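**Q** Here it is: the structure, laid out below.
The values are calculated or read from the model by the stated rules, or taken from the named source; none is laboratory data. Fair warning: this is a prediction, and the values are worked out from it, not measured in the lab. FYI the Cβ positions are ideal-geometry reconstructions off the backbone, even for glycines, and counts take in every protein chain you see. Side chains are part of the model used for accessible areas, which takes the heavy atoms of the whole protein and leaves out ligands, DNA and RNA. Shrake-Rupley method; radii C 1.70, N 1.55, O 1.52, S 1.80 Å.
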Amino acid sequence: MQTETKSMKDLMQEKWTKRPLIISGPCSAETEEQVLETATRLVNTGKVDILRAGIWKPRTKPGMFEGIGMKGLPWMAQAKKITGLPITVEVATAKHVEDALHFDVDMLWIGARTTVNPFSVQEVCDALRGVDVPVLIKNPINPDLELWCGGIERLQKVGVKQVGMIHRGFSNYGNTEFRNAPMWHLPIEMKRRFPEMLLICDPSHICGNRTMLQSVAQKSIDLDFNGLMIESHIDPDNAWSDAKQQITPERLSEMLGELIWRSENTDEKEFLTALATLREQINHIDDELLTLIGQRMKIADKIGKYKKDNNITILQTNRWNDILAKAFKKGDKLGLSKEFITKYFDAVHLESINHQNKVMND
Ligand code: PEP
Ligand code: MN
């Protein structure tokens, strides 16, 4: 048992530095058969490094499936024994940590709903004091990088040596194409702050559906993420949680095969790689900007309709002057010239007026 545990520790060490690192498994452990069959089919793909499953599920509303609990841990241990895959589960309390470690879980992760709460993160950290186990921490559900950094610092402070990050997107009000908006500039900023730290993308929780999984995964790879955590299930449509976003192990394998992994071109000069990364960042920020401007125009449409219903003109010059004055002030602080601000707002203003005009004459 001891040598087995030791070799599993070594294997886990290898996985920690393997690129890309692929973590997969069901959103939730449901039954012993489901866990074992998922694990077997995943290992058969030859592309998965670590088996995941949610044992305790933080659900938005009571009455939803809140996880199988402790009962699922021996199933995970058995799955590891059969497949040789290291296992990982989400922990949110000291008791979860204790139970998971009791069943030799090889890696833990802190979920997005836990990262938002410093009391909970600290409780988990206190339980990890003096324990040698790798821990991944998901971004908080709200776009607050300091909370994410705070969680990392708390883990490091209690002596956790291997800390990694998982980007799973940020919750937004209303319906957007994503279940959780990726806001790529935020993980990019985390990469800037923690350049050596493992950074994994979780396209499943970003997308909330199967159709966009591959493109989001590809985006993260292009941004030089170190790996993926993707939920998989033997019968996705009938999963007890997150049914819409899970895929079969075979579909996962196909998808991983289709992804284009940026090759580590050692001949390439370092500056070229750096340049490519920076350009990638700019592309993604531009993409975000366009999305935001699109959203802005949707609001302009609503305003147009409102003005029409109330018989008010489109143009209120004072309001526009106020916007410009504020933008000049902010632009000054951000190092943006007045010339740029004027051009940008002229363009946006014109587009906005055109939108409102169209609505008024519809
Ligand atoms: C999960 O990974 O199953 C999960 C609950 O994710 P998140 O914490 O990102 O919502
Ligand atoms: Mn899930």
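**Q** Just to be sure before I move on: is Arg193 closer than 24 Å to Pro236 by Cβ, in contact (Cβ under 8 Å) with a residue 24 or more places away in the chain and basic (Lys, Arg) in the structure I sent?
**A** Judged against the criteria, Arg193 is not a match.
**Q** Another question about this same structure. Which condition breaks for Phe65 when tested against (1) within 21 Å of the chain's Cα centre (by Cα); (2) open to solvent by 10 Å² or more (accessible area, probe 1.4 Å); (3) within 16 Å of ligand 2 (Cβ to nearest atom)?
**A** (1)
**Q** Return the residues of the range 202-259 that are of a type in the set (Gly, Ala, Ser) and either within 14 Å of ligand 1 (Cβ to nearest atom) or open to solvent by 10 Å² or more (accessible area, probe 1.4 Å) (or both); say none if nothing qualifies. Don't jump to the end; show me each part of the working.
**A** In the first step, residues of the range 202-259 are kept if they are of a type in the set (Gly, Ala, Ser); the result is 204, 208, 215, 217, 220, 227, 232, 239, 241, 243, 253, 257.
Correct list: Ser204, Gly208, Ser215, Ser232, Ala239, Ser241, Ala243, Ser253, Gly257.
**Q** Ok, one more. Among the residues of the range 116-133, are any open to solvent by less than 40 Å² (accessible area, probe 1.4 Å), closer than 28 Å to Leu213 by Cα and either small (Gly, Ala, Ser) or more than 16 Å from ligand 2 (Cβ to nearest atom) (or both)?
**A** Looking for residues that are open to solvent by less than 40 Å² (accessible area, probe 1.4 Å), closer than 28 Å to Leu213 by Cα and either small (Gly, Ala, Ser) or more than 16 Å from ligand 2 (Cβ to nearest atom) (or both), one finds none in the range 116-133, hence no.
**Q** Sort out which residues of the range 168-197 are open to solvent by less than 20 Å² (accessible area, probe 1.4 Å) and on the phi > 0 side of the Ramachandran plot, and write them in order of number.
**A** Of everything in the range 168-197, just one residue is open to solvent by less than 20 Å² (accessible area, probe 1.4 Å) and on the phi > 0 side of the Ramachandran plot, namely Gly169.
**Q** For Gly159, state whether it is among the small types (Gly, Ala, Ser) and in contact with a Lys or Arg (Cβ under 8 Å, 6 or more places away or on another chain). Don't jump to the end; show me each part of the working.
**A** Numbers: among the small types (Gly, Ala, Ser): yes; in contact with a Lys or Arg (Cβ under 8 Å, 6 or more places away or on another chain): yes.
Against the criterion (among the small types (Gly, Ala, Ser) and in contact with a Lys or Arg (Cβ under 8 Å, 6 or more places away or on another chain)), Gly159 qualifies.
**Q** Right, here's the next one. What number of residues within the range 144-167 are farther than 15 Å from Arg193 by Cβ and open to solvent by 50 Å² or more (accessible area, probe 1.4 Å)?
**A** Matching residues across the range 144-167 total 3.
**Q** Taking into account only those residues within the range 39-54 that are away from ligand 1 (no atom under 14 Å from the Cβ) and crowded, with 24+ Cβ neighbours inside 10 Å, which is nearest to the chain's Cα centre (by Cα)? Spell out the reasoning first.
**A** We begin by selecting, within the range 39-54, every residue away from ligand 1 (no atom under 14 Å from the Cβ); these are 39-49.
Filter once more, keeping what is crowded, with 24+ Cβ neighbours inside 10 Å: 39, 42, 48.
On the way: Ala39: 23, Leu42: 22, Val48: 19 Å.
The residue in question is Val48.
**Q** For the range 158-169, enumerate the residues that are in contact with a helix residue (DSSP H, G or I) (Cβ under 7 Å, 6 or more places away or on another chain) and of a type outside the set (Gly, Ala, Ser).
**A** Applying the first criterion (in contact with a helix residue (DSSP H, G or I) (Cβ under 7 Å, 6 or more places away or on another chain)) to the range 158-169 yields 158, 160, 162-163, 165, 167-169.
Once the filter is applied, which keeps residues that are in contact with a helix residue (DSSP H, G or I) (Cβ under 7 Å, 6 or more places away or on another chain) and of a type outside the set (Gly, Ala, Ser), the range 158-169 yields Val158, Val160, Gln162, Val163, Met165, His167, Arg168.
**Q** So, Gly227, is that one within 16 Å of ligand 2 (Cβ to nearest atom), touching a strand residue (DSSP E or B) at 6+ places or on another chain (Cβ under 6 Å) and over 23 Å from Leu101 (Cα atoms) or not?
**A** no
**Q** Somewhere in the range 298-315, is a residue within 30 Å of Lys219 (Cα to Cα) and hydroxyl-bearing (Ser, Thr, Tyr)?
**A** no
**Q** What about Asp126, is it out of contact with any strand residue (DSSP E or B) (no Cβ under 7 Å at 6 or more places or on another chain), under 22 Å from Leu199 (Cβ atoms) and modelled with pLDDT of 95 or more?
**A** no
**Q** Also, I was wondering about something else. In the range 251-362, which helices (runs of 4 or more DSSP H) lie fully inside it and hold 3 or more residues that are of a type in the set (Gly, Ala, Ser)?
**A** Those helices (runs of 4 or more DSSP H) span 270-309, 317-334.
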